[in-house]
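No lab work stands behind these numbers, since they all come straight from the coordinates. Bear in mind that the values here come from a model prediction, so they are computed numbers and not experimental data. Using ideal geometry, Cβ is built from the backbone for each residue, glycine included, and neighbour counts are taken over all protein chains shown.
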Amino acid sequence: MNKIDLDIQKAARYFSYSAYKEVVVRLFEQDKVTGPNQIPSLLESTKMSIQRMKKWDKIFKVSGEMLTHLNQLEDHWTWYMITEGWCGDASQILPVVAKIAGHTDRIELKLLLRDENTEIMGKYLTNGGMAIPVLVAVNNRTGEELPHWGPRPEGIKLRLENLKKESPEISKSELSKQLHLWYAKDKGISTQHDILQLVKQYMVPQKTELHKVS
């Protein structure tokens, strides 16, 4: 496959965070969801996602440490976020990422839908699966790309892995319930921590393993 076909800068379309939310809400009001799979479970997931995004938009606060590092950015970056409106993890993470990006003119956030861009998604698989959300950071000056982040913050991922080990017979619904309880208790701290580590890398690009965007 030609590398340009997988280039995240060649997506079918992009959304700002506000435009993305408008699309998700508009579709939901028509009893539809983003992507080709129009099934009741995804409609219910979308309902929950809309509620979560509204919640975190209101209450999440960017830390002082994060603001300090954002203010020190010299290069301009584009954050490409692969998502879908029904994705539970995305609804917990996107508001945090969007608010962080919104505090600096050095970062532009562009959202793209996974199922419109399956070839691009194929470059950012997790254990062979198309798990989302995925954040890809590209340096606008050099055209270089940092190793991608996602689909969950490290702290949440470790909790989930431990729960699976402790309770190997746990149901998918109970696992999802515990996952979102953790997100609620965490209040975006784990996501912000991980994103801060990415931002810190931007300060020392010569020490970071970067990948050239084709």
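Explain nothing, just the number: relative contact order of the chain, from Cα pairs under 8 Å at least 6 residues apart, as a whole percent. The normalised contact order for the chain reaches 24 percent. Axis of helix 154-166 versus longest Cα principal axis of the chain: the two differ by about 40°, to the nearest ten degrees.
As a proxy for reagent exposure, Val23, Val134 were ordered by neighbouring Cβ count within 10 angstrom, fewest first; the result is Val23, Val134. Taking each DSSP H run with n ≥ 4 as -39500 (n - 2.57) and averaging over every residue of the chain yields -15000 deg cm²/dmol at 222 nm. What is segment 108-162's relative contact order, in percent, from Cα pairs under 8 angstrom and six or more apart in sequence? Reported relative contact order: 23 percent. From the square roots a ≥ b ≥ c of the eigenvalues of the alpha-carbon gyration tensor of the chain, which class results: rounded (a/c under 1.5), prolate (a/b over b/c), or oblate? Verdict is rounded for the chain. Counting only alpha carbon atoms, the long axis of helix 17-29 and the longest principal axis of the chain meet at about 20°. Our summary gives segment 96-214 a relative contact order of 28 percent, counting only alpha carbon pairs under 8 angstrom and 6 or more residues apart.
Tilt of helix 189-203 relative to the longest C-alpha principal axis of the chain, in degrees (0 to 90, nearest 10)? Orientation of helix 189-203: about 20 degrees from the principal axis. For segment 55-120, what class follows from the C-alpha gyration tensor (a ≥ b ≥ c being the square roots of its eigenvalues): rounded when a/c is under 1.5, otherwise prolate if a/b is larger than b/c, else oblate? It comes out oblate by the Cα gyration axes. Each part reduced to its alpha carbon centroid, segment 67-122 and segment 138-157 end up 9 Å apart. Within the straight-line cut-off of under 24 Å between alpha carbons, the lysines reachable from Lys172 are Lys32, Lys47, Lys157, Lys164, Lys185, Lys187, sequence neighbours fewer than 8 places apart in one chain being disregarded. DSSP beta bridges confined to the chain are antiparallel in about 65 percent of cases.
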